[in-house]
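One structure is given here, and the rest of the page talks about it.
None of the figures in this text is laboratory data; all of them are computed from the coordinates on show. Remember, it's a predicted structure, so these values are computed and weren't measured experimentally. Positions of Cβ are backbone-derived with ideal geometry, glycine not excepted, and every protein chain shown enters the neighbour counts.
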Amino acid sequence: MHFPSEILDLVLERDAVSHSDLARCALVCHHWYHAAHRHLLHSIDMDKSQMADLAISYAKLTECLKEHPDYVDMVHELVIQWTLTFAATLVQEIGFTNVQSVVFKNISWKKESSEDVMGPLKSLLHLASVQRVTFIDVTFHEAQWNALFDQCSPNIKFLTYIRTDVYQVLDQKQNFITDKPSLVGLKLFRGTSHRVLRWLIEPEACLFDLSNLQYLKYDLPRTPGQGKLSKVFNTIRDTLKTLEIYVPLPDESDSELVKIDIGPMTLPALTSLRLCHLTPNSVSEAVRFVSQLGSQSLVHTIKLDVFMFNNFDVAAHGDGWKNAFSSLDDALSYQMKAPLVKKVDVLVKRRAGTCNEVPDSIVQLWREILPQVNNMNLLSVSLEERKRWM
């Protein structure tokens, strides 16, 4: 059967379709062959358990791309894992022109600082096509970091840190980049060092322009020193539209998050708010955040990122959640009276391999936990797969 290309692409781009599935799809027919190859090469991720296997895979990929230069433009993402050496060789030998996303994963840059390695990777980040850069479980030296982003593409718009650290900070800061990339989105996940945050947000050290930031995910229990986060909010107050913020627990009272204000006087352009890692123990801080919005807020969507799974034992824990969330139901229902608020979405975590639909018991539980919001017909419950770094 000959599916339209649009439908075939929608099927093949689903997360449930693995690389091995795509390889089998490529054998179906000529039409499927080209469609499957587009998706196979869209993201190059050498997820190997042995270094020797990683070296072999890079060698085979380099050979394949040399034999089929028309495949090169199909590569939109490069995931660089464990070592920079193999990727540097690949980048040096293959003239990538259409890479839009670069991911560095599980790398200690302390061991990888030679120009033979850094040179090709710098050239990769200089590509005008690169828009996203992500760091997962990475440690680096600040001098290496500065060298990597020196004269990088000004088109980089999205930056993500997941459990990232800088092990040596330069004594003297030198902001030598004249044409800084202007970020639109910034994600800071749990496990990212406060040293990275200080380096990122201090004007004399930051290699990026945050003044046009529209999306910020701050999923961290700690802040990089009192007053630092407030300064960031002051920089992005007129542009930030979406904020995803960690809700601190009672034992995290030393965090600046317990004092931060996200109301319209601080973030007047904010239209979407997500409260991250919400549990019964952190409801009081969630209430404080919601109460800050008030009638002048432009927020139309509030998302509750609850630390609950879709196989949650409702019978054993449901009553405790209902009691704990009653004050948040009051705060949300009061905020719902603002004419712009259209939706409260409860995001329940889904473990990989579990069902894609929210169990009826979970939906009913949240209708009982937030009865006032539910009665206003503004409540929805959605599933979100829990990533390994979440």
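Which distance in nm do the two modelled labels at Q214 and S284 give, with both placed 7 Å along the Cα-to-Cβ direction?
So the two model labels end up 3.8 nm from each other.
A 20 angstrom limit on the alpha carbon distance is what I want to check against. Which of K303/K343; K105/K187; K105/K241; K303/K349; K217/K337; K187/K343 exceed it?
Where the Cα-Cα span goes over 20 Å, the pairs concerned are K105/K241; K217/K337; K187/K343.
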